[in-house]
Protein chains: 4
Amino acid sequence: MFIAETNIRVRYGETDRMGYVYYGNYAEYYEVGRVEALRTLGWNYKEMEDSGILLPVYSFGIRYFKPAYYDDLLTIKTMISERPGTRLPFQYETWNEKGEKLNEGETTLVFISAETKRPCMAPEGFIKALEPFLQG
Amino acid sequence: MFIAETNIRVRYGETDRMGYVYYGNYAEYYEVGRVEALRTLGWNYKEMEDSGILLPVYSFGIRYFKPAYYDDLLTIKTMISERPGTRLPFQYETWNEKGEKLNEGETTLVFISAETKRPCMAPEGFIKALEPFLQG
Amino acid sequence: MFIAETNIRVRYGETDRMGYVYYGNYAEYYEVGRVEALRTLGWNYKEMEDSGILLPVYSFGIRYFKPAYYDDLLTIKTMISERPGTRLPFQYETWNEKGEKLNEGETTLVFISAETKRPCMAPEGFIKALEPFLQG
Amino acid sequence: MFIAETNIRVRYGETDRMGYVYYGNYAEYYEVGRVEALRTLGWNYKEMEDSGILLPVYSFGIRYFKPAYYDDLLTIKTMISERPGTRLPFQYETWNEKGEKLNEGETTLVFISAETKRPCMAPEGFIKALEPFLQG
């Protein structure tokens with residue numbers, strides 16, 4: 001399995017009147033997690049998009065166990081456990097500094113050709129970069 | 001089944017560089033949908049919270065079929081199909097003006113007592129208000 | 001002076017841990033105000049952009065007098081008091097249901113040609129639509 | 001003058017359909033800048049708030065010179081040039097990696113007692129921490 005960890009400091013505007021990070025903001029946190037995970041693999045999401053491959057999100061799911069609070073330094077753990085085809089599934093976990101798992105979730109992204117607007121296969125080089133992590 | 005419909009006009013800041021509504025923003029759209037759905041039932045979410053019952057989101061899932069664009073006038077269809085206990089499950093659909101279903105999802109909220117911070121039963125009156133829609 | 005009023009219901013995710021609407025969210029509220037103001041004049045901001053005229057914000061200023069709270073139904077009052085040239089200045093006020101003015105501000109937008117990426121004059125038809133409100 | 005620098009990586013959801021960082025998001029970037037600036041001085045904004053001193057924003061102004069783009073690594077330069085009384089004025093600049101100044105702005109925050117809800121003086125220790133930077 002490929003695993004990457006990214007830190008995110010909770011911003012004031014990301015909290016809500018309960019004092020919790022608003023539940024919708026984790027979509028953005030997970031996105032930061034996967035972009036930094038790709039960067040670790042030598043893949044820049046922006047360059048991929050500029051080269052004509054879009055990666056829109058097809059599905060997103062999340063279960064919330066505990067809230068995050070303002071100024072918490074969170075760790076987003078991003079995982080890829082399957083070889084991508086036209087789809088790229090990620091799993092995520094959010095942890096706080098006390099070692100508590102706050103939530104876990106998953107997204108499935110789809111490789112789309114910007115030209116044809118249709119699903120396409122993951123770039124060869126990307127699959128190669130992932131392979132060492134996915135074997136055995 | 002209880003069904004309520006709410007309109008949301010897509011704001012500029014809610015789009016992303018693909019020109020789509022950012023995938024994370026639907027959490028907020030769905031929340032608008034369920035708050036307006038509760039209002040239709042005679043329940044004001046703010047008053048419920050001020051009276052000591054919090055309703056944090058326990059889980060959220062969504063599948064994206066088509067994107068929404070800037071200035072689209074969306075319809076959020078919010079549905080409750082089960083009698084609530086300590087949990088309140090909602091289903092959602094987002095439709096655009098062309099009659100296309102853009103995405104569908106669900107959230108499960110948990111009734112929490114602000115005092116004890118523990119799950120509690122849905123208020124009697126709330127269950128009563130829903131009952132006519134859930135029978136048969 | 002041209003004046004338009006738009007209602008915005010405060011969303012949960014727009015509040016912060018103080019219980020107030022986060023100060024940065026008024027940029028988006030003001031944008032809703034000016035887009036609806038343009039619509040009143042028969043101008044659709046999206047169509048303007050699609051036709052090759054961008055209107056990025058050059059400057060934004062705001063003074064906060066009182067907070068807005070969750071579920072408040074706000075009125076954004078949007079005003080244009082000058083004939084636009086290459087710039088389009090707006091003034092704004094946010095009012096709550098109790099008749100309290102919560103904040104006031106202004107933005108200056110610049111007409112930019114999408115083709116040349118340089119400032120250009122406001123479209124003739126737009127100036128004409130505004131003229132009746134700006135005279136005398 | 002007290003100066004602190006903070007890096008922020010632009011997130012996908014912070015861009016808009018023009019491909020720029022949405023103009024309203026700089027309020028949040030500036031907030032990150034000032035929170036990190038306070039931390040540099042040994043002051044934790046969250047602890048200050050928890051100890052009964054709120055710091056709501058009274059005014060915010062910004063001039064935009066150039067846009068920021070997705071994945072840009074921005075530097076927020078946060079400055080304090082005056083001894084705080086009941087008000088705490090900050091200046092800000094946003095720079096990109098090419099050394100271009102993208103925007104500049106300022107906020108004035110007000111020290112408010114959580115108990116009385118009225119303006120109060122800046123904490124003694126905070127003024128002391130700033131003093132070495134403001135002299136001469």
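Give me, ordered by chain and number, the residues 5 or more places off D:Leu102 or on other chains with an amide H under 5 Å from its own placed amide H.
For D:Leu102, the qualifying residues are D:Thr94, D:Trp95, D:Asn96.
Only Lys, Arg, Asp and Glu count, each charged at its Cβ (+1, +1, -1, -1), so figure out the dipole size of the stretch B:2-130 about its Cα centre, rounded to 20 debye. Can you show the working numbers first?
Numbers: 16 positive and 19 negative charges, 49 e Å.
With only Lys, Arg, Asp and Glu charged at Cβ, the dipole is about 240 debye.
Averaged over C:2-11, how many beta carbons belonging to a partner chain fall within 10 Å of each residue's beta carbon?
On the way: counts 0, 0, 0, 0, 0, 0, 1, 4, 2, 9.
Mean partner-chain Cβ count within 10 Å for C:2-11: 2.
Could you run the Karplus curve 6.51 cos²θ - 1.76 cosθ + 1.60 with θ = phi - 60° over the stretch C:16-33 and give me ³J(HN,Hα) per residue in whole Hz, x for Gly and Pro?
Result, ordered by residue: 10, 5, 6, x, 8, 5, 4, 4, x, 6, 5, 4, 6, 4, 4, 5, 4, x Hz.
For peptide D:22-34, compute the average count of partner chain beta-carbon atoms within 10 Å of each residue's beta-carbon.
What the average comes to for D:22-34 is 6.
Among DSSP beta bridges whose residues both lie in the stretch A:2-134, state the antiparallel percentage, nearest 5.
Restricted to the stretch A:2-134, the bridges split so that about 100 percent are antiparallel.
Magnitude of the Cβ-charge dipole of the stretch D:58-134, K/R +1 and D/E -1, about the Cα centre, nearest 20 debye?
With Lys and Arg at +1 and Asp and Glu at -1, about 260 debye.
Calculated FRET efficiency, A:Met1 and D:Ser81, Cβ-Cβ r, R0 45 Å, to nearest 0.05?
The pair A:Met1/D:Ser81 has a calculated efficiency of 0.35.
Tell me what chain B gives for mean residue ellipticity at 222 nm when only DSSP H runs of n ≥ 4 count, each as -39,500 (n - 2.57), the sum divided by the residue total, rounded to 500 deg cm²/dmol.
The helix-only estimate for chain B comes to -7000 deg cm²/dmol at 222 nm.
Would you kindly state the longest site-free stretch of chain A, with sites defined as trypsin sites (Lys or Arg not before Pro) in a DSSP loop (not H, G, I, E, B) surrounded by at most 10 other Cβ atoms within 10 Å? Provide the component values of the computation, followed by the final result.
Numbers: sites that count: A:Lys98, A:Lys117.
Longest run free of exposed loop sites: A:1-97.
How many angstrom separate the Cα center of the stretch A:70-87 from the Cα center of the stretch C:63-94?
Rounded to whole Å, the Cα centres lie 40 Å apart.
Percent relative contact order of chain B, based on C-alpha pairs within less than 8 angstrom and at least six residues apart?
30
Could you tell me what a quarter of the Cα convex hull surface of the protein assembly as shown works out to, in nm² with one decimal place? Intermediate results must be reported in sequence, preceding the final value.
Values: hull surface 114.8 nm².
Answer in nm², one decimal: 28.7.
Under the definition of Cα pairs under 8 Å and six or more residues apart, what whole-number percent is the relative contact order of the stretch D:60-116?
39
In Å and from the alpha-carbon atoms only, list the Rg and Dmax of chain D.
Final numbers for Rg and Dmax: 15.7, 47 Å.
Taking every residue in B:58-66, how many Cβ atoms of other protein chains lie within 10 Å of its Cβ, on average?
What the average comes to for B:58-66 is 6.
So which GluC sites (Glu not before Pro) in the stretch C:83-126 pass both tests, a DSSP loop state and at most 12 other Cβ atoms within 10 Å of the Cβ?
The qualifying sites are C:Glu97, C:Glu100, C:Glu115.
Report, in whole Å, the centroid distance computed from the Cα atoms of the stretch B:23-50 and the stretch C:105-136.
Taking the Cα centre of the stretch C:105-136 as reference, the centre of the stretch B:23-50 is 38 Å away.
FYI, it's all coordinate maths here, none of it is from the lab. From a predicted model like this one, the values you see are computed outputs, not experimental measurements. Please note: Cβ atoms are built from the backbone with ideal geometry, for glycine as well, and neighbour counts cover all protein chains shown.
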